[in-house]
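Some notes on the structure that comes next.
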There are 2 protein chains.
Amino acid sequence: METLKQDTSALSLQQEYAASLPSILAARARIQPYAHVTPVLTCSSINAEAGRNLHFKCENFQKGGAFKFRGACNAVFSLPEETAKQGVVTHSSGNHAAAVALAAQIRGIPAHIVVPKNSPACKIANVERYGGNVITCEPTMESREKTAKTVQDETGAVMIPPFNDGRVMSGQGTVFVEFLEQVPNLDAIFVPISGGGLTSGIALAAKALKPTIKIFAAEPMGADDAAQSKAAGKIVTLPEVNTIADGLRAFLGDLTWPVVRDLVEDVITVSDCEIVNAMKMCYERLKVTVEPSAVVGLAAVLSHRFQEDPRHLNCNDIGIILSGGNVDLDALWTSISQSIQ
Amino acid sequence: METLKQDTSALSLQQEYAASLPSILAARARIQPYAHVTPVLTCSSINAEAGRNLHFKCENFQKGGAFKFRGACNAVFSLPEETAKQGVVTHSSGNHAAAVALAAQIRGIPAHIVVPKNSPACKIANVERYGGNVITCEPTMESREKTAKTVQDETGAVMIPPFNDGRVMSGQGTVFVEFLEQVPNLDAIFVPISGGGLTSGIALAAKALKPTIKIFAAEPMGADDAAQSKAAGKIVTLPEVNTIADGLRAFLGDLTWPVVRDLVEDVITVSDCEIVNAMKMCYERLKVTVEPSAVVGLAAVLSHRFQEDPRHLNCNDIGIILSGGNVDLDALWTSISQSIQ
């Protein structure tokens, strides 16, 4: 099976994955009334530093402050009326939680959000701002899953997983469809990778619409499960992760991994110091608020590993997904100060 | 004369000012190959707080990081070839300095920028990044003017004033022409005011293109010369200014003042604390990097003085100029921490 995959064109493979160009285009039509078409920014001084033309797709300006709204909105609006009435549930301490709450609020159905009790106050406030019903649990995956299951059993709410779900992957893939319309001459695209929902959605859309494009994933060295998975040829999980990029601490799922395995050119890892430098560049020169997880793509483009790889010298026009901008400024500053000392 | 002005329609008065709709439209055509059409952002959670629909014109994304490039570019490209060859000169410690250097670099002529020697390193670095010839002087207006005069005498360079100049006012007025195309239903517009170049350019364009629109200027309480000038009916200067908004410390000029006097509805003053709150809102919710001077319009819209004024209840769609995003993040953080303690 593995051999067959490698011999077949990427396009014809799409039927095997949990999402496909048709499901991504359907997602685009479904979320279009609710999601922003996010702008693409450029910056000549950053281009000079990178030696390439960089195009920044600003999902930090998406509803809810991150790309996550696309997948959550597609999943929530995919539900049949009768099912939707029971509400939705998810467990997350980050952008997916707020995205599900917002999508449910727009559809007018209940959203139950299970949140570890050590989550930052600002993240919980985001969920509550969008009318989500916050349920706290212990800060372990076991407690999160058990609490969510209880909510499901009690309310009949439907689980909206953060990434390992065809509807969510399809929603995230809409980023690329939009991006290619805005910048048709993209040679490569850099995507932050965590659970792989965004990367797999984008890769499936990209390889169908422009098969020559190179898809790079970027992740922190302190949470390099995707790079290790690519190297091992199977999903690798880590006993612990350690990075400033709080949105990139999840591991690949069984639906996202096959896409990453087959369609992603390379996974480039970057240090927290490189992440902080890329953030500073985004704030000071691109003039946008981004969260640490959002800038790993830029950090990867600027890295020696990419810059000096002769195979990639012809990547002139590079798309970079700035995935989100939800930060607690005070907390961010403290963590940056600590990480650069 | 004053009585006559008040009796005549705003439109017919424009011939009396240093800029006019025709000069603004000519500026637009002149700078169009070089300047960005900046995006307009909206944010539903800020709208909820303001009780109005706010449209943010993001001049922080302009070339050089501020609206100043429009006026500098128009002035530099207005020069006849023979004159331009001699180069340009200005004295400034802020965004105008970098804007003139960048415009001159694009035209391929020398730019001599006189900079007070206590200017922040990042501002000087900006000028140098754009190829400007930095000449330091003592941190007094007298030394700035004298040094600039010496440069003029020695090189034949043309002075590009920061605001009190018809070419500069016309360039700044292009912000409004663009903005109205992007958001035709604007009822009012809020503009940060310092020397009055941006406010007067915008007011002249606005009153010509949409006479019913209300123009509000906003400034810090600690540098409220424009509000005092409006109250006194003549230009008032202050013995000292004290505000976090370092770009709003200049006083009105004899070319900008008549426009502010005749066409600006009101000047609303805001405290440094209101400025910091508005900045935080821009960073955390609108996801943009702005400098303190850029957010006085937002702070003014949110102020009791505006919100509770019955004359302005019908201002539903409000345009806010975010004038620039050039900040030294480390220095900014320190000054914010001090100002909110």
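What to note about this one:
- Label points for A:CYS122 are taken 7 Å from Cα along Cα→Cβ. From this copy to the others they lie 1.8 nm apart, shortest first.
- Accessible surface, 1.4 Å probe, highest first, among residues A:MET279, A:MET221, B:MET159: A:MET221, B:MET159, A:MET279
- Chain B: DSSP helices with Cα axial extent of at least 30 Å and average Kyte-Doolittle hydropathy no lower than 1.6: none
- The heavy atoms of B:SER323 offer some 10 square angstrom of accessible surface to a 1.4 angstrom probe.
- Using the Cβ-Cβ distance between A:LEU313 and A:SER45 with R0 set to 22 Å, the FRET efficiency from 1/(1 + (r/R0)^6) comes to roughly 0.55.
- Per-copy distances of the B:PRO239 label point, shortest first, in nm (7 angstrom along Cα→Cβ): 7.0
- Phi angles of the stretch B:311-321 translate, via the Karplus equation with coefficients 6.51, -1.76, 1.60 and θ = phi - 60°, into HN-Hα couplings of 5, 10, 5, 8, 7, 8, 9, 10, x, 10, 8 Hz per residue; Gly and Pro are given as x.
- Taking Cα centre as origin and charging only the Cβ of basic (Lys, Arg, +1) and acidic (Asp, Glu, -1) residues, the dipole magnitude of the protein assembly as shown rounds to 960 debye.
- For the stretch A:87-156, the share of alpha carbon pairs falling in successive 5 Å distance bins from zero is 4, 21, 32, 24, 15, 3, 0 percent.
- Reachable lysines, given that their alpha-carbon falls under 24 Å from the alpha-carbon of B:LYS280 and they are not under 8 places away in the same chain: A:LYS57, A:LYS63, A:LYS68, A:LYS123, A:LYS280, A:LYS287, B:LYS57, B:LYS63, B:LYS68, B:LYS123
- Dipole magnitude of the stretch B:87-156 about its Cα centre (Cβ charges: Lys, Arg +1; Asp, Glu -1), debye to nearest 20: 200
- Since only A:PRO22, A:PRO310, A:HIS91 are under comparison, the one whose Cα sits farthest along the positive direction of the charge dipole of chain A, derived from C-beta charges on Lys, Arg, Asp and Glu, is A:PRO22.
- With the largest listed first and rounded to whole Å, the semi-axes of the equivalent ellipsoid of chain A from the Cα gyration tensor are 29, 24, 19.
- Chain B: calculated mean residue ellipticity at 222 nm from DSSP helix runs of at least 4, using -39500 (n - 2.57): -13500 deg cm²/dmol
- Expressed as a fraction of 2.2 N^0.38 Å, the C-alpha radius of gyration for the stretch B:53-131 is 1.14.
- Label 7 Å beyond Cα on the Cβ vector: A:GLY51 copy-to-copy distances, nm: 5.7
- Heavy atoms of A:ASP266: accessible area, 1.4 Å probe, square angstrom to 10: 40
- Distance in nm between pseudo-label sites at B:ILE135 and B:GLU82 (7 Å out along the Cβ direction from Cα): 2.4
- Alpha carbon centroid spacing (whole Å) that separates the stretch B:262-323 from the stretch A:257-295: 33
- For B:MET141, the accessible area of its heavy atoms, probed at 1.4 Å with every protein chain present, is near 100 square angstrom.
- Accessible surface, 1.4 Å probe, highest first, among residues A:LYS63, B:LYS234, A:LYS214, A:LYS57: B:LYS234, A:LYS63, A:LYS214, A:LYS57
- Virtual spin-label span in nm between A:LYS280 and B:GLU240, 7 Å along Cα→Cβ: 3.3
- In terms of its alpha-carbon gyration tensor, the protein assembly as shown comes out prolate; a/c meets the 1.5 threshold, and the first ratio a/b outweighs b/c.
- Across chain A, the mean sequence separation of Cα contacts (distance under 8 Å, 6 or more residues apart), normalised by length, yields a relative contact order of 21 percent.
- Considering only A:ALA111, A:THR136, A:GLN182, the residue lying farthest towards the positive end of the dipole of the stretch A:93-187 is A:THR136, judged by Cα position with unit charges set on Cβ.
- The order of A:TYR34, A:TYR17 by accessible area, most exposed first and with a 1.4 Å probe, is A:TYR34, A:TYR17.
- Mean separation of Cα pairs under 8 Å and 6 or more residues apart, divided by the residue count, gives the stretch B:87-156 a relative contact order of 34 percent.
- Residues of the stretch A:135-150 with amide N under 16 Å of a point placed 7 Å along Cα→Cβ from A:GLN105: A:135
- The stretch B:34-175, relative contact order in percent, only Cα pairs under 8 angstrom and at least six apart counted: 25
The values are calculated or read from the model by the stated rules, or taken from the named source; none is laboratory data. Owing to the predicted nature of the structure, the values given are computational and were not obtained by experimental measurement. Note: ideal-geometry Cβ built from the backbone for every residue, glycine included; neighbour counts use all protein chains shown. We work out accessible area using only protein heavy atoms, side chains counted, and drop any ligands, DNA or RNA first. Shrake-Rupley method; radii C 1.70, N 1.55, O 1.52, S 1.80 Å.
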